[in-house]
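*Asks:* Below are the C-alpha cells for one structure; questions will follow.
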Amino acid sequence: MLLKEELVVADGVFTWLQRDRYDEIVEKYINAIKGHNCASRSKADMMMRDDIVTQIPKANELLSKVFYSNRSALVHMHNMALNRAFFMSYILQRMNSTEDYSIQPNLHYLYMSVTADINANPYAINGSSIIFDKDVYYPNWLTNLDFNKTIPLFGVKGWRKDNTFAQGNFIREPNRRVVQVKDIGAGNNKNYTNERHKMNPWYQFWLPDLDKHEDKSNKFTYSIGIRYSNVTGKFIKEEFDVFNFFGPNLPSQNEKDNGKMPVRFTVPYFDCGKSNKWVVSAVSPIVDFFPRYSNYTHMRRQRFVGVAVMDIHFTKIDFNACGISPGNPGPSYLAGIARCKSNTGCKHLSGKGYKRGGYICHCKNKYVYPMDIQGPYNGKLIEQATNAEYANSFGCIRGDHYRVLPIVDQKAHVTVEFGVANINVRKKRSFDNRSKFDQMRFNRMIRIFRQKVSINKNNCNSVPASSLHLPGDAAYDVENQFKSQGSTALRLSHFLSLFLENIQATDNFGNLRGGGRLHQDHLFGEVLANVMADYRIISSGIFFEPYIFKNQDGTSKELFGPYAFKSEGVAKAIDMAGLPRKYIFENWYQNIKERWKTNTAKLEKYKMNQLVRSDVKGTSAVKFEYYPIAYFAPKYDDGMWSNPKFKCDRMVDNWVMTYSIPFFQRDYVAKKNIFAGVVTVDVPLDNLEINQCPQSFNVANAFKNTARCHISTECRKIPGYKYSRGAYRCDCKQGTEYQFADGKTFIEGSLVELEYEKKVRGLFSRFDSLVCRVQGGATTINSNCISILKVVIVALMIQRFTE
C-alpha cells in the first residue's frame, strides 16, 4: 500500500505539463507510422500538416532576409537542389544532339552524383534524387535499346543507409558513410507519376508539364560564356562562347507566389520503403527541349522533364516554440507551446531539432532575475521541472525607478563604418576602462578595414602585392559560417574521387554500358552550377594534376582547370590552363598538394550500394555487379581556408576567402589512390560576420576584445550583420539590471559604438550612461529568501520572549 501511494505521488509531480500540439504530432505521426506498417497506411496518414515546418527559405528572399543557424540546413538544401537542377538543365540542352548522345552523363554519373550529395553532407542532407517524368528519359547506357527511344520511368534516388550491423563495422556504430542508391523506376510500386503513389509529393509541383502557355512565367533563359583551351597557355578564342539555356525560374523580388519559385519544399512525409524516415524535401525542376533529336525543331519546346530532390530528416529540423511574433511569423502549428512565465520573454535556441526545450526564457523589460540566479532560464530545464519547481522558480522580479535615455536635439553626422577616413585613430582618447593592449587591438581592427576599403578593381594592379592580403585572423570563424559553401566543393571532390577511383573507360556489364570518361562540358557544367545556385559562392574551380585529365579519345591534357565566376550577375567560365601562369604554382594548389601528394592515410572510406534495373522495362531492381562500390575521399576538415585576399584577376576582383579540397584517382598499376587535383570555391569577405566580444588569448580573431561593453555588462555577438562594427549586445551581468524603460533588456553594440564616436569628437554623448546598475529594492533578494528570512526573525523573537 505504501509503495502504491508513493507511485501515485510520483505520477502527480508533473501534472502541470498538459498535453499539447507537440504530443499530438508525436502520437499521430512519428510514433504511429514506422517502416513495418507504412505500406498499409493511407497517403494522407503519411503526410503532415503544411504549417509544421515554417520559415521556409525562398529564392527571392535569400539576399534581403537573414536566415539564422536554425535554417542553415534548409538554405543549403535549397541551394543544392537548385545546383543539381542547373547542372542537369544545362548539360541536357548543351548535349542535345545526335553526336553528343554517347557522352551525356551515363548511369554511373547519375548514381555517383547523388551519392556525393549525401556523403559530403553527413548532417545536412540525408537523401538526394534525380527523377524524370514519364517517357522523357533517353538512356545512353542500355545496349539493348534503340537510339532515340525512351524508357517509361527512370529516377535515381539515394538515401543514407544505417550500417550499424553491416559486415566490417566492428564497433556497431553508424558512421554516416554508406549510401543506398536505387532506380525507383524499377521493381514494385514504381509508378511514382501516379497520384495515388504514397511517396511523391515532389512530383506534383512541376510535373507533368503539358501547358505551354505557362512557359514564359515558369522558366527563365540563362546565358553563360565559356573560353576553352586545347594548349597550355593559350585559349582557342579570345572571346567567350555564349550559350543560352532554359532553367528553373528566376522570380522578381516582389514575387509572392510559391509556384513561381525555382525551389519548393514539401510537407513532412514518410519515405516508406526507402529510408523509412519522416523527411522534408527541397525540389527544383529540370528543363530540356522536348522531344529530343527531332528534325521538326518548330515543334520542340522547353519543358520540365524531371526534378532534383534533396531530403533531410524531419526530426533534424528546428521548430520555434515561442509565440507568433515578427521573429516567428505564422502560420505555425507549434508556435506558443513554450512554457515561459508571463513576466519572461521567449527566445528560440538553434540546433535542437524536433525536441522540447529548444528555447530560453529571459526577463522582460522592467523585470530582473533574482540575485542568486544566472539567467536566462533554459527551456529544457523548464520542461523537466516538477509542479513545485515550476511554481517557485523560472520567474522574474518586478523592478522600480527606471530611467529613460535623454533625447538629443543636436544632429551629428557620425558614422561607425570601418573605413571612415577622417578619424585619426592614433589621436583618439580612451574614455572607457579598456586596457592599452585592447586599444591597440581596436586600432589594428580599424587599419584592417581601411586597407580593405582602399583596394578595388581599379587600383589593385598598382598597389604592392602585400596590400592585397589581410592577416589570417581577419577571417575568424570562416570555417563555420561558410561550411555550406565548403561542403559544395567537398561534394564535387567526392564525386570526382568516386568516379576516378572506380570507373574505367572500357567497362561493360551485359545490357548496361559502363565506363566512359568525364567530358570537359560535364565539369564546366559542375562549376557553373556551383556559382549559379549559391549567391555566396563568387567562383569555383576544378584543377587537375598534369596529364590526369583525359580527352574522349584517350589522350591526356597537360593541364585542365574549368573555373567559373560571376561577372556583373552573369556566370562565365574559362579553362585556367589557357592562362600564361600555370595554376599548379599557386599557393593554394601547392599547399594542398604538399599535404596529400604522398600520404593519403587519413582519407575516409565511403560506400555506395547500388540497385539497377534488370531489363529495359524495369521489371525488378537488382544489385549491380560491383556491390558495394567503395571509394576514399576527404572530409570537410581536411580542406583548407585561405586568408582574405583581393583577387585581382579581371574576373572576380573582390576580397575573397578560398576553400580548397583535394580529389583522388586510382592508380591501377601501383594499386593505390593518388592525388589528382584540387576543387576550390571563393566566398566574399563582405559576407563574413565578425566577433568583437572578449575571447581567450589563443583564439586567432583580429577583432576580439574590441567591443566597448561596460564592465557591468557581458558581450554577446548578434548574428546576421555582415562584416559590421557594433554587431554585438551588452547584457547585464548577474547582480545588475538594465536601467532604462525602453522595452529592451540589453544595450546594442551599435549604439555603444556610435555614442563613443560622439564622445571622441566632443559632441553630446550618452556613452557614460550605457551601463547596468546594481540591483536594488525588491530585486536584490529572491522572494523565497525573504520568506525564509521572515521565518528566522520570527523564530528568534519567539525564542527571546520565551527565555
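*Asks:* Can you name every residue in the range 544-588 that is of a type in the set (S, T, N, Q) and within 22 Å of V656 (Cα to Cα)?
*Replies:* Of all residues in the range 544-588, those of a type in the set (S, T, N, Q) come to 551-552, 555-556, 567, 587.
Selection gives S567, N587.
*Asks:* Right, another one. Suppose we filter L763, L754 for residues that are assigned to a loop (DSSP other than H, G, I, E, B) and open to solvent by 40 Å² or more (accessible area, probe 1.4 Å); which single one remains? Spell out how you get there, then give the answer.
*Replies:* Details: L754 fails: assigned to a loop (DSSP other than H, G, I, E, B).
Result: L763 is the single residue among L763, L754 that is assigned to a loop (DSSP other than H, G, I, E, B) and open to solvent by 40 Å² or more (accessible area, probe 1.4 Å).
*Asks:* Okay, moving on. Here is a check on your reading of the model: is S64 under 15 Å from the mean Cα position of the chain (by Cα), polar (S, T, N, Q) and open to solvent by 10 Å² or more (accessible area, probe 1.4 Å)?
*Replies:* no
*Asks:* Follow-up. For the range 356-372, enumerate the residues that are without any contact (Cβ under 8 Å) to a residue 40 or more places away in the chain and either part of a loop (DSSP other than H, G, I, E, B) or among the basic types (K, R) (or both). Spell out how you get there, then give the answer.
*Replies:* Initial filter on the range 356-372 (without any contact (Cβ under 8 Å) to a residue 40 or more places away in the chain): 357, 359-361, 367.
Of everything in the range 356-372, just one residue is without any contact (Cβ under 8 Å) to a residue 40 or more places away in the chain and either part of a loop (DSSP other than H, G, I, E, B) or among the basic types (K, R) (or both), namely G357.
*Asks:* Let me ask another. If I ask for residues that are more than 18 Å from V774 (Cα to Cα) and among the hydroxyl-bearing types (S, T, Y), which ones from the range 336-384 would you list?
*Replies:* S342, T344, S350, Y354, Y359, Y377
*Asks:* With the condition being open to solvent by less than 10 Å² (accessible area, probe 1.4 Å), I'd like the strands (runs of 3 or more DSSP E) fully within the range 639-706 carrying at least 2 qualifying residues. First the steps, then the outcome.
*Replies:* On the way: elements: 645-647, 654-667, 672-684.
Counting at least 2 such residues, we get 654-667, 672-684.
*Asks:* Give all pairs with beta carbons closer than 8 Å in which a residue from the range 446-475 that is farther than 15 Å from Y723 by Cβ and open to solvent by 40 Å² or more (accessible area, probe 1.4 Å) meets a residue that is modelled with pLDDT of 80 or more and of a type in the set (K, R); count only pairs at least 6 apart in sequence or on separate chains.
*Replies:* K457/R650; H469/K645
*Asks:* Across the range 48-58, what is the number of residues that are of a type in the set (A, V, I, L, M, F, W, C) and touching an Asp or Glu at 6+ places or on another chain (Cβ under 9 Å)?
*Replies:* Step one: filter the range 48-58 for residues of a type in the set (A, V, I, L, M, F, W, C), giving 48, 52-53, 56.
Filter once more, keeping what is touching an Asp or Glu at 6+ places or on another chain (Cβ under 9 Å): none.
Qualifying residue count for the region: 0.
*Asks:* Ok, one more. Just to check your reading of the model, which residue among I91, I25 is touching a Leu at 6+ places or on another chain (Cβ under 8 Å), hydrophobic (A, V, I, L, M, F, W, C) and assigned to a helix (DSSP H, G or I)?
*Replies:* Values: I91 fails: touching a Leu at 6+ places or on another chain (Cβ under 8 Å).
Sole residue among the options that is touching a Leu at 6+ places or on another chain (Cβ under 8 Å), hydrophobic (A, V, I, L, M, F, W, C) and assigned to a helix (DSSP H, G or I): I25.
*Asks:* Could you pull out the residue among K28, K34, K65 that is within 25 Å of N258 (Cα to Cα) and at pLDDT below 95?
*Replies:* Numbers: K28 fails: within 25 Å of N258 (Cα to Cα); K34 fails: within 25 Å of N258 (Cα to Cα).
Exactly one of K28, K34, K65 is within 25 Å of N258 (Cα to Cα) and at pLDDT below 95, namely K65.
*Asks:* I'd like to verify a number: residues in the range 15-44 that are over 30 Å from Q384 (Cα atoms) and open to solvent by 60 Å² or more (accessible area, probe 1.4 Å), how many? Outline the logic, then answer.
*Replies:* Restricting attention to the range 15-44, the residues satisfying the condition of being over 30 Å from Q384 (Cα atoms) are 35-44.
Retained after the next criterion (residues that are open to solvent by 60 Å² or more (accessible area, probe 1.4 Å)): 36, 39-41, 44.
Total satisfying the criteria: 5.
*Asks:* I'd like the full set of residues that are under 22 Å from N443 (Cα atoms) and of a type in the set (A, V, I, L, M, F, W, C), limited to the range 719-769. Even if it seems obvious, please write down each step before you answer.
*Replies:* Of the range 719-769, the ones under 22 Å from N443 (Cα atoms) are 721-730, 748-763, 765, 767-768.
Correct list: A727, C730, L751, V752, L754, V760, L763, F767.
*Asks:* Then there is this: Grab the strands (runs of 3 or more DSSP E) fully contained in the range 117-185, keeping just those with 1 or more residues being within 20 Å of the chain's Cα centre (by Cα). First the steps, then the outcome.
*Replies:* Working: elements: 127-132, 155-160, 178-183.
It comes to 127-132, 155-160.
*Asks:* Same structure again: Could you tell me which of the residues D521, D507 is over 21 Å from L92 (Cα atoms) and assigned by the TED database to the domain that holds I103?
*Replies:* Values: D521 fails: over 21 Å from L92 (Cα atoms).
Checking each option against the conditions leaves just D507.
*Asks:* Of all residues being more than 13 Å from K366 (Cα to Cα) and crowded, with 20+ Cβ neighbours inside 10 Å in the range 766-778, which is farthest from the chain's Cα centre (by Cα)? Just the residue, please.
*Replies:* Only one residue tops the list, namely F767.
*Asks:* Checking the structure you have, find out if any residue of the range 528-546 is of a type in the set (F, W, Y), outside any loop (DSSP other than H, G, I, E, B) and open to solvent by less than 10 Å² (accessible area, probe 1.4 Å). Explain how you work it out, then say what you get.
*Replies:* Residues of the range 528-546 that are of a type in the set (F, W, Y), as a first pass: 535, 543-544.
Narrowing the set further to residues that are outside any loop (DSSP other than H, G, I, E, B) leaves 543-544.
Subset that is open to solvent by less than 10 Å² (accessible area, probe 1.4 Å): 543-544.
Taking every residue of the range 528-546 in turn, at least one turns out to be of a type in the set (F, W, Y), outside any loop (DSSP other than H, G, I, E, B) and open to solvent by less than 10 Å² (accessible area, probe 1.4 Å).
*Asks:* Also, I was wondering about something else. Collect the residues in the range 739-751 that are open to solvent by less than 20 Å² (accessible area, probe 1.4 Å) and modelled with pLDDT under 90, keeping them in residue-number order.
*Replies:* The first filter runs over the range 739-751 and keeps only residues open to solvent by less than 20 Å² (accessible area, probe 1.4 Å), leaving 739-740, 747, 749.
Listed by number, the residues that qualify are Q739, F740.
*Asks:* OK, next. Does F431 satisfy the criteria of being at pLDDT below 80 and open to solvent by 30 Å² or more (accessible area, probe 1.4 Å)? Before the answer, list the steps.
*Replies:* Values: at pLDDT below 80: yes; open to solvent by 30 Å² or more (accessible area, probe 1.4 Å): yes.
Judged against the criteria, F431 is a match.
*Asks:* Turning to a different aspect of this structure: Could you figure out which of (1) in a loop (DSSP other than H, G, I, E, B); (2) modelled with pLDDT under 85 isn't true of V794?
*Replies:* So V794 meets the others, but not (1).
*Asks:* For the range 373-395, which positions are touching a helix residue (DSSP H, G or I) at 6+ places or on another chain (Cβ under 9 Å), open to solvent by less than 90 Å² (accessible area, probe 1.4 Å) and closer than 26 Å to G776 by Cβ?
*Replies:* Scanning the range 373-395 gives S393, F394, G395.
*Asks:* Also, I was wondering about something else. Return yes or no: is F205 open to solvent by 40 Å² or more (accessible area, probe 1.4 Å), part of a loop (DSSP other than H, G, I, E, B) and in contact with a strand residue (DSSP E or B) (Cβ under 6 Å, 6 or more places away or on another chain)? It would help to see each step written out before you state the result.
*Replies:* On the way: open to solvent by 40 Å² or more (accessible area, probe 1.4 Å): yes; part of a loop (DSSP other than H, G, I, E, B): yes; in contact with a strand residue (DSSP E or B) (Cβ under 6 Å, 6 or more places away or on another chain): yes.
Criteria met by F205.
The values are calculated or read from the model by the stated rules, or taken from the named source; none is laboratory data. Not measured: the values here are computed from a predicted model. FYI the Cβ positions are ideal-geometry reconstructions off the backbone, even for glycines, and counts take in every protein chain you see. Accessible surface is based on the protein model in full, side chains and every heavy atom, while ligands, DNA and RNA are left aside. Shrake-Rupley method; radii C 1.70, N 1.55, O 1.52, S 1.80 Å.
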